[in-house]
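The next block holds one structure in the form of structure tokens; read it before the comments.
The values are calculated or read from the model by the stated rules, or taken from the named source; none is laboratory data. Please read all numbers here as calculations on a predicted model, not as lab measurements. Methodologically, a virtual Cβ is constructed for each residue, glycine included, from the backbone with ideal geometry; neighbour enumeration extends over all protein chains shown. What goes into the accessible areas is simple: the full protein's heavy atoms, side chains included, and nothing from ligands, DNA or RNA. Shrake-Rupley method; radii C 1.70, N 1.55, O 1.52, S 1.80 Å.
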Amino acid sequence: MPRQPRSFRVEAVILKHSDFGEADRLLSIFTRQRGKLRAIAKGARKMRSRKAGHIEPFTHVSLQLATGRNLYIVTQAEAIDTFSSLREDLVRVGYASYVVEILDKFTYDEEENAPLFRLLIKTLSRLSQDHEPELVVRYYDIRLLDLLGFRPELHKCVVSEAEIKPEDQFFSAALGGVVSPQHGKALEGAVPISIEALKYLRHFQRSSYKDATRAKIAPQVQRELEIVMQHYVTYLLERGLNTPSFLRRVRREREES
Amino acid sequence: MLIPEPVQRLIDALSRLPGVGPKTASRLTFYLLRGSEDLAHELSEAMGDLKANTGYCEQCFNITSADRTLCEICAHPKREASVLCVVEEPLDVLALERTAGFEGHYHVLHGVLSPIEGVGPEDIKIAELLERVQEVDIKEVIIATNPSMEGDATAMYLRQHLLPLGVRVTRLARGLPVGGDLEYADQNTLLRALDGRQEMG
């Protein structure tokens, strides 16, 4: 372990918190400087804690950390942006939770990834404004996979390396890309993907967010994109995510009411 | 074997408690070993009773002794049954009772919604609350979940499902703590405190 200063400042996003000890909170944070870390916020569950309001999940915060024996200890916290509108609507809570859960599950402690940090801040900020949340998170999925080295191949068949023709295709999570219908039908674990959905994925992969938001995606294609991405992510993580079922439920109940 | 098995067993069991590490567990164990017979007996009896003689109130799901179906609060004749205070944990009931400022009944959820941890509405006592509000004549539901992301999410979920039932839904105010310092308040708390300011006089 490299020598590190006893106390240092980081810019971070709070991913998760859980109760710890008598009145402390254990935080999982993603920092610009050092990647994901775990830190203890002492006394944060006390009503008079100075830190508590600054270290709620999804908050963009400036933290002073001290190196403890096993974990870092939060000595000061000052919110940069609380993204408070993310907490005022159940569906937005669901989307923001999805964003932090997927990042938390894909990253390892102490692995710096500043571009990923910037993507996280931008994504939370977009969700807290009135952007179309489905588009925000699908764009986030594609960018996140890029930054972590799981960029799916969307232009050539991953079996035959032939150019993909403009027709409905298959997607193989195991091979990490699109498979032509000729090879996809017999390929175990390959899921169908329509040419429309594939075009949007390619569009997200090569475009800036500004260009990507010009897309007007039909609801059934949105559902399809969600299913394909979830399939790929679940395969890569080798476990399911918790937030999609919550998200589906609150979305459904919103539509019903 | 350096430590006899019965001693080691207690150390192992104690060290599974929250906030107790192996060192504390050994200290407690050796204290009990050396100390008077009474304490060890009293403890073992109390622990045996803990699970055997407690249960949940059928109405509010607070902890109660096993011989009764309703807890003391629900069975109390003078308490206002048409006002419900919804809390996350039984300990929150104690905290509110200590204030002596609430005369209504409670409903304990036994948890809080957490999308990230995968805790959904069916994992806590939400259906039971909605059922209770439909069956009993209830005028107001006070939501007293913690002012955290999960507590807020739970409050929003409850609001969404309670309002259509025609009941008044309120949430505990949030603002500045007694003895606090404005300088250290976060933006959220200060904003809420400003929004919820009250007329003086």
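Worth a mention:
- Think of each Lys and Arg Cβ as +1 and each Asp and Glu Cβ as -1; about the Cα centre, that makes the dipole of the stretch A:85-256 roughly 440 debye.
- Dipole of chain B, positive end: most advanced residue of B:His161, B:Thr189, B:Gln59 [Cβ charges, Cα centre]: B:Thr189
- Ligands, DNA and RNA left out, the accessible area of the stretch B:5-49 computed with a 1.4 Å probe is 58% carbon and sulfur.
- Remark: spin-label model distance B:Gln160-A:Glu167 equals 4.3 nm, labels positioned 7 Å along the Cα→Cβ axis.
- Surface composition of the stretch A:7-82: carbon and sulfur make up 44 percent of the accessible area, probe 1.4 Å.
- The accessible-area loss of the stretch A:216-257 on complex formation, taken against its chain alone with a 1.4 Å probe, reaches 50 Å² or more at A:Asn242, A:Phe246, A:Arg249, A:Glu253.
- Buried area at the B:A interface is about 2400 square angstrom, summed over both chains, from accessible surfaces computed with a 1.4 angstrom probe.
- Ordering B:Met47, A:Met47, B:Met200 by accessible surface, largest first, gives B:Met200, A:Met47, B:Met47; the 1.4 Å probe counts only protein heavy atoms, with every chain in place.
- Between the amide H of A:Lys16 and those of A:Ser28, distances stay under 5 Å, these residues lying 5 or more places away or on another chain, with hydrogens modeled in the peptide plane.
- Cα-based shape type of the stretch B:90-181, given that a ≥ b ≥ c are square roots of the gyration tensor eigenvalues and the cut on a/c is 1.5: oblate
- Average partner coverage of A:43-50, which counts Cβ from other chains inside 10 Å: 3
- Nearest-ten-degree value, helix B:5-14 long axis tilted from longest Cα axis of chain B: 20 degrees
- A:Gly177 long-range amide H proximity, modeled H, under 5 Å: A:Glu153, A:Ser172
- Note on the protein assembly as shown: antiparallel DSSP beta bridges, both residues inside, total approximately 70 percent of the bridges counted.
- Computed from point charges on the beta carbon alone (+1 for Lys and Arg, -1 for Asp and Glu), the dipole magnitude for the stretch A:42-130 about its Cα centre is near 480 Debye.
- Pairs exceeding 18 Å between alpha-carbon atoms, taken from A:Lys105/A:Lys156; A:Lys16/A:Lys105; A:Lys16/A:Lys36: A:Lys105/A:Lys156.
- Heavy-atom surface of the protein assembly as shown, accessible at 1.4 Å and reported per residue (Å²): 55 Å²
- Ranking by accessible area, most exposed first, for A:His60, B:His161 with a 1.4 Å probe: B:His161, A:His60
- Shielding of B:110-122 by partner chains, average beta-carbon count, 10 Å: 6
- Listed residues A:Phe117, A:Phe150, A:Ser194: farthest to the positive end of the dipole of the stretch A:107-248 (Cβ charges): A:Ser194
- Inter-label distance, A:Lys185 to B:Asp123: 4.3 nm, where each label sits 7 Å from its Cα along the C-beta direction.
- Chain A, helix-only ellipticity at 222 nm - DSSP H runs n ≥ 4, -39,500 (n - 2.57), divided by all residues, nearest 500: -12500 deg cm²/dmol
- GNM result for chain B, Cα springs below 10 Å: residue of B:Pro77, B:Pro121, B:Pro147 fluctuating most strongly: B:Pro77
- Occluded residues from the stretch B:143-167, i.e. those whose accessible area drops by 50 Å² or more once the chain is not alone (1.4 Å probe): B:Met149, B:Met156, B:Tyr157, B:Gln160
- Counting only alpha carbon atoms, the long axis of helix B:22-34 and the longest principal axis of chain B meet at about 60°.
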